[in-house]
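The numbers here are math on the coordinates, done by the rules we state, and not lab data. This one's a predicted model, so the numbers in the text were calculated from it and none came from an experiment. Here Cβ is always computed from backbone atoms with ideal geometry, including for glycine, and neighbour counts include all displayed protein chains.
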Amino acid sequence: MNVFSVFKDNVEKEIGILVANGELPEGTDASRISVELPRDPSHGDLSTNAAMVLAKPAGLKPRDLAETIAGRLKSYDSVESAEVAGPGFINLRLSDKFWCQRLIEILDAGTHYGAGQLGQNRAVNVEYVSANPTGPLHVGHARGAVVGDVLASLLAKAGFDVTREYYINDAGGQVDVLARSAYLRYREALGEDIGEIPDGLYPGEYLVPVGQELAARDGDKWRDAAEADWLPVIREYAVNAMLDLIRDDLGTLGIAHDLFSSERALVEAGAVDKVVNMLETDDLLYVGTLEPPKGKLPDDWEERPQTLFKASEFGDDTDRPLKKSDGSWTYFASDLAYHQDKFRRGFPTMIDVWGADHGGYVKRVAAGIKALTGDAGKLDVKLCQMVRLLENGEPAKMSKRSGNFVTLRDLVDAVGKDVVRFIMLTRKNDAPLDFDLVKVREQSRDNPVFYVQYAHARCHSVAKMAVEAFPDADFTIAGLGAADLSRLTDSDELALIRSLAAWPRTVEGAAEAHEPHRLAFYLYDLAAAFHALWSKAREEPGLRFVIADDQELTRARMALVRAVQTVIASGLDVMGVTPVDELRE
């Protein structure tokens with residue numbers, strides 16, 4: 001249950017009754033009504049602006065209407081008080097019984113708790129990673145991979161029909177460079193001394209086995225062949241080998257895409273030509289000359305007529321070229337075809353996770369989608385800022401098997417999948433992130449991974465203590481659901497329950513905003529509330545989770561503990577992190 005959504009429905013229900021009774025006019029628009037947390041927690045649990053947004057159209061004073069609505073809400077068993085504040089806010093305080101019933105809801109739902117129908121099974125395409133298939137993934141790719149993967153899981157939790165997609169940029173010049181680099185390693189595998197890797201080719205040792213495999217498969221067939229003969233063959237083999245490497249790298253992070261889409265296949269199928277024809281038919285293309293880019297001197301700029309898309313008519317800063325000087329399509333033209341293809345496949349909502357260096361590319365792609373879909377296609381680009389790898393605050397020194405960068409696999413090997421996934425979400429995607437290899441291993445509150453996992457493990461430990469203290473008691477989910485939860489009366493116990501009940505709203509809010517980092521923030525705060533209650537009980541023995549001479553109070557508190565454990569597990573599941581029952585040094 002999303003408590004806020006439920007009470008918004010209740011408020012709207014009462015508004016409907018007031019309309020039916022003639023106390024509000026027909027056609028009263030309740031769409032701007034909201035139910036939120038009060039700014040001051042001492043004012044209650046929920047606050048609604050209903051009277052303030054409805055009073056003026058109805059010709060009423062906001063406080064008078066607020067008193068009427070508050071009077072109706074007081075009749076709900078779950079509402080302890082409904083008070084009018086300020087210019088017409090209605091603050092609701094919910095009963096302890098209502099909050100305690102949320103524990104039963106959590107225990108019954110298990111890790112499915114928080115799942116909702118916000119998405120109503122609407123199709124969403126999340127495209128992420130999409131690194132050029134020219135080598136292993138690096139640390140920077142890891143952040144986009146995690147952000148995209150967790151965002152996809154979050155949207156699925158909120159009721160969307162999600163497709164995870166990887167776009168293979170295999171039609172540009174970089175894959176020809178890959179092919180030439182692999183060809184050099186192929187000659188090396190045949191026994192040739194290739195010397196230093198020439199500038200402009202990929203130097204990484206990851207291409208050594210590719211060359212060896214080609215030599216084993218084809219012998220010296222390509223040694224003396226013309227480049228025009230061997231390039232397409234070796235390019236296809238090398239691209240497939242790199243994709244296997246990338247899939248394997250992503251697998252170390254627990255990531256698997258539903259679909260890999262090829263740019264080359266799209267171009268060869270004529271998709272770019274079709275998109276260009278669509279734009280031409282709609283009179284959105286022309287031949288013209290662009291102004292020099294900002295910061296360029298006139299003599300740095302080649303003025304020449306180009307085929308331009310009227311991107312500026314759809315929100316971009318300038319019009320954009322679709323053809324290069326050699327007559328081939330620009331990357332932009334291919335990207336338009338790709339996004340049009342996604343829309344055609346049934347994805348009006350498209351989310352792309354890109355590196356921050358692509359920030360200047362967002363407006364032009366969004367403009368193209370708007371033009372091609374009649375504004376029916378919506379693009380949200382999540383830009384991921386750089387990750388700075390540190391060791392105790394200093395730049396990290398790790399092996400660089402790739403040739404010139406630290407690989408994603410190096411990072412996972414160093415600290416583990418779960419740590420990488422969690423830490424990548426401890427900052428919003430558009431903020432720079434420091435990843436300290438030493439600090440993420442610390443067992444302290446300053447290490448969010450440990451702090452949240454410790455809360456889960458501590459719940460497991462407490463549950464074992466309860467069983468040992470009362471071996472004949474029923475600590476099953478059904479048994480805890482039947483416990484006397486009215487025994488939970490301490491203010492911090494009830495505050496913890498409120499935090500647990502906020503999980504469904506957190507899922508919905510994060511899904512609506514496309515912000516998966518909110519999950520990490522929520523789990524950290526929940527863990528902090530649980531640890532605080534534990535610490536309080538050390539000072540006040542009567543608040544301990546296990547009370548040796550009071551089985552029923554212990555069972556009630558075990559319901560709370562199990563609910564905390566369940567919600568943490570639910571959150572970690574969306575984040576792709578495995579909860580632990582025990583932490584070791």
Exercise. Which percent of the Cα-Cα distances in the range 448-575 go past 19 Å?
Worked result: 48 percent
Exercise. Given the convex hull of the Cα atoms of the range 3-94, what is a quarter of its surface area in nm²?
Worked result: 5.2 nm²
Exercise. In the neighborhood of residue 231, defined by Cβ-to-Cβ distances under 9 Å, what is the net charge if each Lys or Arg adds +1 and each Asp or Glu adds -1?
Worked result: -1
Exercise. Quick one: Karplus J couplings for the range 511-527, per residue in order, coefficients 6.51, -1.76, 1.60, θ = phi - 60°, nearest Hz, x for Gly and Pro?
Worked result: 5, 4, 8, 6, 10, x, 5, 4, 5, 4, 5, 4, 5, 5, 5, 5, 4
Problem set entry | Label-to-label distance, nm, for residues given as residue 539 and residue 474 (7 Å Cα→Cβ offset) | 3.7 nm
For this session: Would you kindly state how much longer the chain becomes between residue 380 and residue 161 on full extension, computed as 0.36 nm times their sequence separation minus their alpha carbon distance, in nm to one decimal?
Result: 77.2 nm
Exercise. Dividing the convex hull volume of the Cα atoms of the range 195-298 by its residue count, what figure in Å³ per residue is obtained?
Worked result: 274 Å³
Exercise. So which of 310/342; 157/274; 56/378; 294/370; 323/378 end up more than 28 Å apart by C-alpha?
Worked result: 157/274; 56/378
Problem set entry | Percent of beta bridges antiparallel (DSSP, the chain, rounded to nearest 5) | 45 percent
Problem set entry | the range 193-237-the range 530-554 distance, computed between alpha-carbon centres (Å) | 67 Å
Problem set entry | Environment charge of residue 264, counting only residues whose C-beta is closer than 12 Å and scoring Lys/Arg +1, Asp/Glu -1 | -4
Problem set entry | Net charge over other residues, Cβ less than 14 angstrom from the Cβ of residue 495 (K, R count +1; D, E count -1) | -2
For this session: Wrap a convex hull around the Cα atoms of the range 289-390, take a quarter of its surface area, and give that in square nanometres.
Result: 8.7 nm²
For this session: In whole Hz, with x marking every Gly and Pro, tabulate ³J(HN,Hα) for the range 232-239 from phi via Karplus 6.51 cos²θ - 1.76 cosθ + 1.60, θ = phi - 60°.
Result: x, 5, 6, 4, 4, 5, 5, 4
Exercise. Any idea how far the Cα center of the range 369-439 sits from the one of the range 55-69, in Å?
Worked result: 51 Å
Exercise. Suppose R0 equals 41 Å; then what is the FRET efficiency for residue 268 and residue 303 from their Cβ-Cβ distance, rounded to the nearest 0.05?
Worked result: 0.80
For this session: Quickly work out the residue 220-to-residue 283 label distance, labels modelled 7 Å from Cα along the C-beta direction, and quote it in nm with one decimal.
Result: 6.6 nm
Exercise. Trypsin sites (Lys or Arg not before Pro), restricted to the range 290-372: which are DSSP loop and have at most 14 other Cβ atoms within 10 Å?
Worked result: 294, 296, 324, 345
For this session: Only Cα pairs under 8 Å and at least 6 apart count here; give the relative contact order of the range 3-94 as a rounded whole percent.
Result: 26 percent
Problem set entry | R0 of 22 Å, Cβ-Cβ distance residue 39-residue 1: FRET efficiency to nearest 0.05 | 0.40
